[in-house]
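The values are calculated or read from the model by the stated rules, or taken from the named source; none is laboratory data. Since this is a predicted model, take the numbers as computed values, not measurements. Using ideal geometry, Cβ is built from the backbone for each residue, glycine included, and neighbour counts are taken over all protein chains shown.
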Amino acid sequence: MWEWTSSFAVQAVLLVVGGAIAGFVNSLAGGGSFLTVPLLVGIGLPISVANGTNRVGVFVQCMTALLGFRQEGVRTLSTAVSVGPLLLVGSFMGAWMSSTIPDALFQQVFAVLMLVMLPVILLNPKPKPIEKPEDSPARIGSFFGARVLIEQSCYFALGLYGGAVQAGIGIPMVFVLAAVTRVDLVRANSIKVALVAALTAVALAQFIYADKVDWVLGLILAIGTGIGGYAGGRIGPRVGDRLIRPLMAIAVIGSALRLFWVA
């Protein structure tokens, strides 16, 4: 049982501050969990419990980011519903796999993914804007069936990765939304937040069932991610996150090396 001590107070402050940074970055693109999961491991949680506990913060961050986007006049529900089912199936399967493999193996896999995804997070590639997303030939015509198959396969793969790891899911999801589903980049970013919230809810349920969630640390983390997510939804589209990415790169590299070291 947790007791309020000076060391726990320091841990709580670290989680709130780290969560706020991660929530801000997540609402703009992705990769914030590459900060918070190693932070939870550093506090003393096994990697599988840290992975599950982190989903509490991610879910709250998504909810507050959606509130921020709605207040900015961005609506997302119809597109999110149309691409969501296979995403959620993949999320459940990914969460089940990551909650059953040995901690030492998953910790090394997570560290490798941190380094592999770092260039993607830093470059944050985006497809070129399209003039008329809803009227695009990619959405209608003789190849409609093939397009749907490709689209749904992409979302299933995203769900599988998001359920298992989650970290960095936002960047490829925005890319698929813009390049495959053919929505504009402003709406793609807000739809991404809605989809991540949905897949996180499914994954979190699996982690709860597997007893892989520390609710005390998760709710403290959620305070920070909620603040950061709301700030990202309100001011992120206007300010951007270029200043925070170099610092994030240093933190991700250091965290990955530490995970290798203690695995």
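I'd like to check something: does the range 59-76 contain any residue that is out of contact with any Gly (no Cβ under 7 Å at 6 or more places or on another chain), at pLDDT 85 or above and within 30 Å of residue 8 (Cα to Cα)?
Yes, the range 59-76 contains a residue that is out of contact with any Gly (no Cβ under 7 Å at 6 or more places or on another chain), at pLDDT 85 or above and within 30 Å of residue 8 (Cα to Cα).
For the range 193-212, state whether one or more residues are part of a loop (DSSP other than H, G, I, E, B), on the phi > 0 side of the Ramachandran plot and buried (at least 19 other Cβ atoms within 10 Å of the Cβ). Even if it seems obvious, please write down each step before you answer.
We begin by selecting, within the range 193-212, every residue part of a loop (DSSP other than H, G, I, E, B); these are 210-212.
In the following step, the residues that additionally are on the phi > 0 side of the Ramachandran plot were identified as 211.
Still in the list and also buried (at least 19 other Cβ atoms within 10 Å of the Cβ): none.
So far as the range 193-212 goes, no, none of its residues is part of a loop (DSSP other than H, G, I, E, B), on the phi > 0 side of the Ramachandran plot and buried (at least 19 other Cβ atoms within 10 Å of the Cβ).
In the range 122-174, which residues are under 15 Å from the mean Cα position of the chain (by Cα), assigned to a helix (DSSP H, G or I) and at pLDDT 80 or above?
155, 157, 158, 159, 160, 161, 162, 163, 164, 172, 173
Among the candidates 236, 228, which residue alone is modelled with pLDDT of 70 or more, under 17 Å from the mean Cα position of the chain (by Cα), assigned to a helix (DSSP H, G or I) and surrounded by 15 or more Cβ atoms within 10 Å (Cβ to Cβ)? Give the steps one after another, and end with the answer.
Numbers: 236 fails: modelled with pLDDT of 70 or more.
Within the list 236, 228, the selection yields 228.
Quick one: is residue 49 of a type in the set (A, V, I, L, M), modelled with pLDDT under 90 and more than 14 Å from the chain's Cα centre (by Cα)? Outline the logic, then answer.
Details: of a type in the set (A, V, I, L, M): yes; modelled with pLDDT under 90: no; more than 14 Å from the chain's Cα centre (by Cα): yes.
So residue 49 fails the test.
Considering the range 48-69 alone, what residues qualify as being more than 19 Å from residue 91 (Cβ to Cβ) and of a type in the set (Val, Ile, Thr)? Don't jump to the end; show me each part of the working.
We begin by selecting, within the range 48-69, every residue more than 19 Å from residue 91 (Cβ to Cβ); these are 64, 67-69.
Matches in the range 48-69: 64 only.
Would you be able to tell me the number of residues in the range 42-55 that are surrounded by 24 or more Cβ atoms within 10 Å (Cβ to Cβ) and either aliphatic (A, V, I, L, M) or assigned to a loop (DSSP other than H, G, I, E, B) (or both)?
Here is the first cut: in the range 42-55, the ones surrounded by 24 or more Cβ atoms within 10 Å (Cβ to Cβ) are 47, 50-55.
So of that shortlist, the ones also either aliphatic (A, V, I, L, M) or assigned to a loop (DSSP other than H, G, I, E, B) (or both) come out as 47, 50.
Of the residues in that region, 2 qualify.
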